[in-house]
Structures are given as C-alpha cells and as structure tokens.
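The values are calculated or read from the model by the stated rules, or taken from the named source; none is laboratory data. Here the structure is a predicted model, which means the values were calculated and not measured. Positions of Cβ are backbone-derived with ideal geometry, glycine not excepted, and every protein chain shown enters the neighbour counts. Protein only, heavy atoms only, side chains kept; ligands, DNA and RNA dropped before computing areas. Shrake-Rupley method; radii C 1.70, N 1.55, O 1.52, S 1.80 Å.
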Amino acid sequence: SAGPLTFVDGAADKVSFKLTASKTFPAANVRSTWFTNLNANLSLNISNIRFREYLVDSIAADMSSQNDSLSVQQVSIRRKQNELNARGNYRLPEDLAKSSHNGTLGFSLNAPELADFWTPDSPNKWNGPLQASGEIEWKNGIGNGQWSVFGANVRTRNLVFNQLSAQCAMANNVVYINDLTGNLNEKDFVGANGSVDLWS
C-alpha cells in the first residue's frame, strides 16, 4: 500500500494492492501449460483519484484465477452516487501471442449525475442522469451480446438531449445499432441505425 501518490496529470490519496499466488510444478518429464496448477487471488483498492479534469472517489477490484480460468468477480468505480460495475471471466491461452479470446464481460452503469465525474469548472463535462448495461461473450474470438443506454436531460455546453437512448447487439462479430435516438425538443431529434463488421 502507498499514498498519497502523484503521477502525470493526476493523483490518488491511497493505493492498496494484494496478490497471493501458488503453483505446483510438475515433474521435469511431464509436459504442462504455464497456467497448470496456478492459483491466484488479487485485490486492488484506489481512493480519491484525479486525472486531468476527471474525478473518481474509489476503484475496487477482486480477481482470481485457477488453472486457465481467470475470473473478475467485481470491478467497481464510484463517484458520489454514480457507480460503474463490471464482471467477467477469461480463458487464459497456452500461447499469449496467439490468444483466441474466450470469455464474457458484463457491465452496468447507474449515474444519477454525470457531471460528478468532472471537476466543477470543466467546460467539457456532461450533465444529467445516464444508465447503461450489457453482456458480451467471446468464443474463439467471435463475439455475441447486447447492450443498451438510456438518459434524460443529458446536456453538454449548448447541446441538450431531452431523451437519449441506444440499443445495440453483436452477432458473429457484427455490431448492429438497432436504435440510436436523441430527442432535442418536441420537434427535433437525431436518429440512426446501422451495423459495423468487426471482421473487416
């Protein structure tokens, strides 16, 4: 643990990091992967972070691994009432240079006031509430999943969205924007849909 810490464009009051790991090595004539019989637990806590114009009260993460399974039980980022949570798992590859990406990722954002993530005098801050959630799964590098975003009275500078929503899906590494809508007022709005092929 250490603190307070300063780094380029930022600072943190305290950083706490704990890692425990054990590995049983096989006999010399037995072939095994680098992660065989490897077990580890990691916890990380960082408090009162400032990076440029961004503010975060705390970052907490808990992870563990057993053989080829890396599990992220929780990553939590908090700022006042705003909270971003993520979880997932990942299958470690035998050859790190040839990873085929197998795992899952889930996330949720509940931000009653986006502006709290910025310093009060920041001209770039966004104001208003925003919620988002999603789940993505990769098998042999192919992704499938869905996520959504919703906000009301979201604004920055002179741009105001009375309502902002988006729904996206991913199938076989193709991202489909099923709906992206931003209502500026009772008459004016922005809408879009489309797809992005991640294979290309």
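Taking segment 21-49 as the range and being surrounded by 14 or more Cβ atoms within 10 Å (Cβ to Cβ), of a type in the set (A, V, I, L, M, F, W, C) and within 19 Å of LEU70 (Cα to Cα) as the test, the residues that pass are PHE35, LEU38, ALA40, LEU42, LEU44.
Each row is one residue, and each column tells you yes or no for (1) outside any strand (DSSP E or B); (2) touching a Lys or Arg at 6+ places or on another chain (Cβ under 8 Å).
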| residue | (1), (2) |
| --- | --- |
| ASP116 | yes, yes |
| LYS125 | yes, no |
| GLY134 | no, no |
| GLU137 | no, no |
| GLY145 | no, no |
| SER148 | no, no |
| ASN162 | no, no |
| ALA166 | no, no |
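Residue by residue, here is whether (1) open to solvent by less than 50 Å² (accessible area, probe 1.4 Å); (2) on the phi < 0 side of the Ramachandran plot; (3) small (Gly, Ala, Ser) holds:
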residue	(1), (2), (3)
GLU94	no, yes, no
ALA97	no, yes, yes
ALA132	yes, yes, yes
GLU135	no, yes, no
GLY143	yes, yes, yes
GLN163	no, yes, no
GLN167	no, yes, no
GLY182	yes, yes, yes
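Inside segment 1-20, residues that are among the hydroxyl-bearing types (Ser, Thr, Tyr), open to solvent by 100 Å² or more (accessible area, probe 1.4 Å) and over 13 Å from ILE46 (Cα atoms) make up a count of 0. Of everything in segment 36-78 that is modelled with pLDDT of 95 or more and touching a Leu at 6+ places or on another chain (Cβ under 6 Å), the residue that is nearest to VAL8 (Cα to Cα) is ILE77.
Suppose the filter is surrounded by fewer than 16 Cβ atoms within 10 Å (Cβ to Cβ), touching a strand residue (DSSP E or B) at 6+ places or on another chain (Cβ under 7 Å), in a strand (DSSP E or B) and among the aliphatic types (A, V, I, L, M); does VAL175 pass it? So VAL175 does not fit the description; no.
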